1. For the range 127-154, which positions are part of a strand (DSSP E or B) and either aliphatic (A, V, I, L, M) or at pLDDT below 95 (or both)?
2. Give the residue, chosen from LEU124, LEU79, LEU104, that is in a strand (DSSP E or B) and touching a residue at least 40 places away in the same chain (Cβ under 8 Å).
3. Within the range 116-139, is even one residue within 17 Å of the chain's Cα centre (by Cα), more than 28 Å from ASP160 (Cβ to Cβ) and not hydrophobic (A, V, I, L, M, F, W, C)?
4. Which is surrounded by fewer than 21 Cβ atoms within 10 Å (Cβ to Cβ), among the hydroxyl-bearing types (Ser, Thr, Tyr) and in contact with a Phe, Trp or Tyr (Cβ under 7 Å, 6 or more places away or on another chain), of THR194, THR173?
5. Return the pairs, sorted by first residue and then second, in which the second residue is of a type in the set (S, T, N, Q), the first residue lies in the range 38-53 and is part of a helix (DSSP H, G or I), the beta carbons are less than 8 Å apart, and the residues are 6+ apart or on different chains.
6. Among the listed residues ALA26, ALA22, ALA118, ALA32, which satisfies the condition of being at pLDDT below 95 and within 20 Å of LEU180 (Cβ to Cβ)?
7. Identify, by number, the condition in (1) farther than 22 Å from PRO65 by Cα; (2) surrounded by 19 or more Cβ atoms within 10 Å (Cβ to Cβ) that THR139 doesn't meet.
8. Could you list, ordered by first residue, the pairs with Cβ atoms under 9 Å in which the first is in the range 155-181 and assigned to a loop (DSSP other than H, G, I, E, B) and the second is at pLDDT below 95 and not β-branched (Val, Ile, Thr), at least 6 apart or interchain?
Amino acid sequence: MKRFAILSAAVLALSLGRAPRALAAADIGKPAPDFTATDSHGQSRSLHDYRGKYVVLEWFNASCPFVKKHYNSGNMQELQKIYTGKGVTWLSIVSSAPGAEGFLTADQANAVAQRWKAAPTAILLDPTGAVGRRYEAKTTPDMFVIDPSGNLIYKGAIDDRPSTDPADIKGATNYVSAALEASMARRTVQVAATKSYGCSVKYK
């Protein structure tokens, strides 16, 4: 019966002039999956609105010690300021479900950003986890870099020091800045994908 239903859906799709397809995955060198989410100030933000710009997606959980490493040290804010100053759109995304660690209301997200003097373009609220699942975001932080043509050019860890110790930031290879600098200089991104590290994203 299940097989019949799948075949029936395929036949219906073909009869309407289109083939059945799954949602696009977040694959290097391919168009980054589009999404729409509301930011912490109530504004709707869609990825396609930023076509023509570099975009950084940063999965965020203010309770996570790995996130705290990069914010308490000022490292993440410095990156945000440097690259938004170069015209990059930086979107911090909260995919923690209501009641789970890291969940933030809009007011809470704004208070956290103010306390840490964070400087992203916007903080996006993703309580259903829809955006996170489209990108298969696994940890906080989990980082994605999208080029002006809309293609994904980097995904994975922020750097090569998977620890909670701020002292490890000095001397670390920052994969996000490396990808942005290489692409902006029209060079090949040498490391396009790594295994992210941090706290697991707390999906519902």
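The values are calculated or read from the model by the stated rules, or taken from the named source; none is laboratory data. No experiment lies behind these values; they were computed from the predicted model shown. Using ideal geometry, Cβ is built from the backbone for each residue, glycine included, and neighbour counts are taken over all protein chains shown.
1. So the first thing to find is which residues in the range 127-154 are part of a strand (DSSP E or B), and the list is 139-140, 143-146, 151-154.
Of everything in the range 127-154, those that are part of a strand (DSSP E or B) and either aliphatic (A, V, I, L, M) or at pLDDT below 95 (or both) turn out to be MET143, VAL145, ILE146, LEU152, ILE153.
2. Of LEU124, LEU79, LEU104, the one residue that is in a strand (DSSP E or B) and touching a residue at least 40 places away in the same chain (Cβ under 8 Å) is LEU124.
3. yes
4. From the options THR194, THR173, the qualifying one is THR194.
5. LEU47/THR36; TYR50/THR89
6. ALA26
7. So THR139 meets the others, but not (1).
8. Listed by first residue and then by second, the contacts come to ARG161/GLY171.
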